[in-house]
C-alpha cells in the first residue's frame, strides 16, 4: 500500500510539473482565488472501526480505496466553506463457521464520510505578485465536522456490521493552480468520530453488540483535480 501511495504522489508531481511548464500568466492579480470550485477526488480511507465483536474478526485491511466529490466557495481569496463527500469500499471474506449466523461467506463494505469544513490559507500565499506565472501553490488548513457511516453487507445476520457517528474533522492540504482555473490538490483529513455501538439479533439473541462504540480516529488521504470558477 505504501508503494502505491508513493507512486501516486510521484505521478501527480510529474503531471503538475509538465502542466506548469505549459502554463502562462493567465491568473488575475486581484481576487483570482475567490469564487466557487468543484473537484473529483480519489485516494485512501482509514477503516479501523469495522471489527465484528461476534467473530472478533476485522473486515479486510485498515486502508481501503475511496472516491468522492469536493465542493467549495472561497468567499474571499483566503477563506471559505468546503464540502467533501467521500465513499470507501472493499470486499472480503467474513465469518468463522462457529455459529449458524456466522458462516464463512463473501461480503462488501461501504463507508461514507460527509464533511463540512472552514478552509483557510494565509493571504500571503494568494498574492499573485510573488507567485510564479506558470503555477501557483496554495497551502491550506481546514476545520469542521464529519458524519461517518460504515456498513458491511453480508448474507447472514452475524456477519452484518454497521457503525455510525459524527465528530470533529481537521486537516491540511496543498493546491496547485496550473492553468486558468484548473487545479490539482493533495488533501489530508483526520476525523475524530464519536461512534455509536451497533446491535442486532444474532443466533436468536436480540440486542447482540456487533460493533463497539466510543471514540474512533479515521483518516483520509486524497488527491483532487478540479476547476475553480
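The values are calculated or read from the model by the stated rules, or taken from the named source; none is laboratory data. Owing to the predicted nature of the structure, the values given are computational and were not obtained by experimental measurement. Note that we place each Cβ from the backbone using ideal geometry, even for glycine, and neighbour counts take in every protein chain shown.
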key: Subset of region 188-205 [in contact with a strand residue (DSSP E or B) (Cβ under 8 Å, 6 or more places away or on another chain) and either closer than 20 Å to residue 149 by Cβ or free of Cβ contacts under 8 Å to residues at least 24 places away in the same chain (or both)]   = 189, 190, 191, 192, 193, 194, 195, 196, 197, 198, 199, 200
remark   = The one condition residue 179 fails out of (1) under 24 Å from residue 72 (Cβ atoms); (2) modelled with pLDDT under 95; (3) surrounded by fewer than 17 Cβ atoms within 10 Å (Cβ to Cβ); (4) touching a strand residue (DSSP E or B) at 6+ places or on another chain (Cβ under 8 Å) is (4)
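Quick one: is residue 133 surrounded by 14 or more Cβ atoms within 10 Å (Cβ to Cβ) and either more than 30 Å from residue 78 (Cβ to Cβ) or touching a residue at least 12 places away in the same chain (Cβ under 8 Å) (or both)? Spell out the reasoning first.
Working: surrounded by 14 or more Cβ atoms within 10 Å (Cβ to Cβ): no; either more than 30 Å from residue 78 (Cβ to Cβ) or touching a residue at least 12 places away in the same chain (Cβ under 8 Å) (or both): yes.
When the stated conditions are applied, residue 133 does not pass them.
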ask   = From the list 191, 157, 203, which one is buried (at least 16 other Cβ atoms within 10 Å of the Cβ) and at pLDDT below 90?
value = 157
Unmet criterion (only one of (1) modelled with pLDDT under 95; (2) buried (at least 16 other Cβ atoms within 10 Å of the Cβ)) for residue 123 = (2)
inquiry  = Could you check region 42-59 and list, in sequence order, the residues that are within 17 Å of residue 108 (Cβ to Cβ) and part of a strand (DSSP E or B)?
reply    = 45, 51, 52, 57, 58
message = Against the condition in contact with a helix residue (DSSP H, G or I) (Cβ under 6 Å, 6 or more places away or on another chain), over 18 Å from residue 71 (Cβ atoms), modelled with pLDDT of 90 or more and outside any loop (DSSP other than H, G, I, E, B), how does residue 184 come out, does it pass?
response = no
request  = State whether the residues of region 149-164 include one that is touching a residue at least 24 places away in the same chain (Cβ under 8 Å) and within 15 Å of the chain's Cα centre (by Cα).
outcome  = yes
ask   = So, of the residues in region 60-119 that are part of a loop (DSSP other than H, G, I, E, B) and under 22 Å from the mean Cα position of the chain (by Cα), which turns out to be modelled with the highest pLDDT?
value = 62
message = Name the single residue that is farthest from the chain's Cα centre (by Cα) among those in region 206-216 being exposed (fewer than 15 other Cβ atoms within 10 Å of the Cβ) and in a strand (DSSP E or B).
response = 206
ask   = Hey, does region 32-41 have a residue that's at pLDDT 85 or above and part of a loop (DSSP other than H, G, I, E, B)?
value = no
